[in-house]
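Some notes on the structure that comes next.
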Amino acid sequence: MSLATITRHGPEISDAIVSFDPVTLQRKPVKKADVLAQFRELRNHEAVKIVEQMPEQNGVLDPAVVDKILITSHCEMQRMSEEFQHGKRVSELLKPILNALREGGVNNPIRIVDIGCGTGFVIRWLAASGSLGDDVQLMGVDFNVALLNEAQRLATIENLRCKFEVANAFRLDEPATVFISTGILHHFRDEGLSYLLQQHCRAETCAFVHFDFHSSPMAPLGSWLFHAVRMREPLAKHDGVLSAVRAHKSRYLLEVTRSAAPEFVSAIYGTRLWRMPIPRVFHSLVGVRPKYHEAFLRNMGTRVASLGKIE
Amino acid sequence: MIPVFLWVLATIDSAFIGYREAGGRNALIDKRAYYRHALIRGAVVGQVAVLIVGATTAIILASSNDSVALFSKLESVGARMLTVYVPYAVILLITFLIRSVPSVDIRSITSTVIFGPFTLIRPIVVLAGAVWGVLAAPGAITIALTTLIVCLMLGLSGILSWLRSRRLIS
């Protein structure tokens with residue numbers, strides 16, 4: 001991976017090499033030639049080189065190999081999440097939200113659903129920490145069976161109280177009280193992002209917290225640096241840098257959220273550090289139903305300083 | 001004392017090489033034992049590297065006509081190397097102390113400002129220390145020994161990865 005990745009635009013390789021039917025969630029075959037043509041058209045030669053190395057069967061990318069690469073990449077991403085204390089970061093923001101929901105008399109249990117959880121690091125970390133309370137159910141959903149099997153395998157080894165399901169997060173039998181995600185938002189553009197946020201508007205959902213790369217002039221370079229020194233898998237290096245490049249601006253995220261999910265009051269948390277113009281790696285899009293708004297702000301304590309204007 | 005200081009630094013450095021090499025390969029949440037083993041493994045493999053350098057130095061000294069003068073030369077090279085490596089190590093150790101503060105933001109910033117960039121520049125620091133050291137007493141022996149040290153310092157991670165690829169470590 002070179003610094004040239006910083007000048008690239010989407011899609012990421014991990015978006016292009018897998019495909020799922022949005023209704024049946026069945027995996028669809030992906031033709032290697034189509035993926036290569038797509039990246040050649042974008043003049044993304046690094047992506048072409050990486051995809052060229054992937055084996056095919058009758059012109060279709062070998063799903064087993066693709067899954068293996070994705071699992072390895074997620075494992076490497078988890079290392080970065082651990083270094084940047086992401087589990088604790090999520091927990092620290094969820095606690096005031098959950099306390100606000102409890103004070104507002106939300107129905108038990110409180111279900112936290114991690115959208116596109118991959119190998120489930122955040123859900124497993126939250127389960128291992130036990131920091132959110134016994135009235136909380138933790139669940140990770142994703143379309144990729146292999147990633148979820150890995151998440152479940154890891155959770156079983158450590159005897160963690162959480163579950164994983166191949167499902168559409170918005171069509172669960174037991175709906176989510178709080179939706180969370182990490183590094184998902186930038187995969188959705190324009191109408192796709194708007195549609196994703198619209199889906200939060202269901203009676204049972206009381207709040208959402210979506211973490212993603214914070215878009216700043218330094219972010220692509222910083223991301224390149226960290227992916228260069230911490231990652232080994234070429235796909236993870238490429239996509240990691242591209243993620244920072246494709247990150248949505250805070251203002252844009254808020255505009256789309258307020259228009260797509262008007263039932264919630266929303267804000268961006270953690271754009272700046274200690275009220276100073278120090279950019280952060282991640283920021284988060286936070287939304288709560290107005291009913292819980294005041295309690296949420298009160299429970300945030302000193303952290304409220306890192307919360308943008310909520311409306 | 002200079003060889004002792006170099007040995008201490010080599011041991012700490014190789015322990016962290018072991019840690020970095022193990023990073024991103026285990027997706028469990030509680031990895032304390034895993035990383036403890038990785039640190040020890042790195043330090044142990046580092047001792048093999050130290051032994052190679054030590055044995056080579058001993059052979060060179062034994063076959064020298066003036067071993068006292070040569071030892072003094074090598075010490076001056078080592079002392080100059082320390083002037084580069086010690087500040088690098090001290091900054092990292094101070095950063096570890098700062099990271100012990102239980103704050104997500106402070107811990108993250110230690111990574112973005114120090115740990116990440118310092119990992120990136122480590123090969124440059126290794127080379128800079130070696131060149132700076134050799135300049136104290138340029139000669140075929142000091143260049144050869146320093147080159148051996150640089151190769152071992154920069155190659156240790158590759159050696160560990162090779163051992164892993166052969167399933168000799170997990």
Among the residues of the stretch B:13-33, which ones are assigned to a helix (DSSP H, G or I) and either under 21 Å from A:Glu233 (Cα atoms) or in contact with a Ser or Thr (Cβ under 9 Å, 6 or more places away or on another chain) (or both)? B:Phe16, B:Ile17, B:Gly18, B:Tyr19, B:Arg20, B:Glu21, B:Ala22
So, in the stretch B:36-58, exactly how many residues are aliphatic (A, V, I, L, M), without any contact (Cβ under 8 Å) to a residue 40 or more places away in the chain and more than 14 Å from chain A (Cβ to nearest Cβ)? 8
Of all residues in the stretch A:152-210 being surrounded by fewer than 13 Cβ atoms within 10 Å (Cβ to Cβ) and of a type in the set (S, T, N, Q), the one that is farthest from A:Val106 (Cα to Cα): A:Thr156
State whether the residues of the stretch B:139-147 include one that is away from every other protein chain (no Cβ under 14 Å) and assigned to a loop (DSSP other than H, G, I, E, B). yes
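Residues that are touching a strand residue (DSSP E or B) at 6+ places or on another chain (Cβ under 9 Å), over 26 Å from A:Val209 (Cβ atoms) and surrounded by fewer than 20 Cβ atoms within 10 Å (Cβ to Cβ): does the stretch A:45-55 have at least one?
Taking every residue of the stretch A:45-55 in turn, at least one turns out to be touching a strand residue (DSSP E or B) at 6+ places or on another chain (Cβ under 9 Å), over 26 Å from A:Val209 (Cβ atoms) and surrounded by fewer than 20 Cβ atoms within 10 Å (Cβ to Cβ).
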Qualifying residues in the stretch B:1-35 (those that are within 19 Å of B:Val50 (Cα to Cα) and free of Cβ contacts under 8 Å to residues at least 24 places away in the same chain) - the one nearest to the other protein chains (Cβ to nearest Cβ): B:Tyr19
Looking at the stretch A:104-127, which of its residues are assigned to a loop (DSSP other than H, G, I, E, B) and away from chain B (no Cβ under 14 Å)? A:Gly104, A:Gly105, A:Val106, A:Asn107, A:Asn108, A:Pro109, A:Gly116
Of all residues in the stretch A:128-138, which are within 10 Å of chain B (Cβ to nearest Cβ) and touching a helix residue (DSSP H, G or I) at 6+ places or on another chain (Cβ under 7 Å)? A:Ser129
Select, from A:His45, A:His74, A:His9, the only residue that is over 30 Å from A:Asn299 (Cα atoms) and in contact with a Gly (Cβ under 8 Å, 6 or more places away or on another chain). A:His74
A:Ala155 vs. criteria free of Cβ contacts under 8 Å to residues at least 60 places away in the same chain, over 19 Å from A:Val288 (Cβ atoms) and either within 11 Å of chain B (Cβ to nearest Cβ) or of a type in the set (A, V, I, L, M) (or both): yes
Checklist (1) within 14 Å of chain B (Cβ to nearest Cβ); (2) surrounded by fewer than 16 Cβ atoms within 10 Å (Cβ to Cβ) applied to A:Ser223, failing item: (2)
Picking from B:Asp30, B:Asp13, the residue that is under 19 Å from A:Met80 (Cα atoms) and modelled with pLDDT of 95 or more would be B:Asp30
B:Phe118 - would you say it is closer than 22 Å to B:Trp7 by Cβ and within 10 Å of chain A (Cβ to nearest Cβ)? yes
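Look through A:Asn168, A:Asn144 and report the one residue that is within 21 Å of A:Cys75 (Cβ to Cβ) and more than 14 Å from chain B (Cβ to nearest Cβ). Break it down into steps so the answer makes sense when it comes.
Values: A:Asn168 fails: within 21 Å of A:Cys75 (Cβ to Cβ).
After applying the criteria, what remains is A:Asn144.
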Restrict the check to the stretch A:26-41 and report whether at least one residue is among the basic types (Lys, Arg), under 28 Å from A:Ala219 (Cα atoms) and out of contact with any Leu (no Cβ under 9 Å at 6 or more places or on another chain). yes
Could you go through the stretch A:41-48 and let me know if any residue there is among the small types (Gly, Ala, Ser), under 18 Å from A:His187 (Cβ atoms), away from chain B (no Cβ under 13 Å) and in a helix (DSSP H, G or I). yes
Just wondering, is there one or more residues in the stretch A:277-290 that are of a type in the set (Val, Ile, Thr), at pLDDT 95 or above, closer than 23 Å to A:Gly104 by Cβ and assigned to a helix (DSSP H, G or I)? no
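The values are calculated or read from the model by the stated rules, or taken from the named source; none is laboratory data. As the structure is a prediction and not an experimental result, all values here were calculated from the model. Cβ: placed from backbone, ideal geometry, glycine included. Neighbour counts: every protein chain shown.
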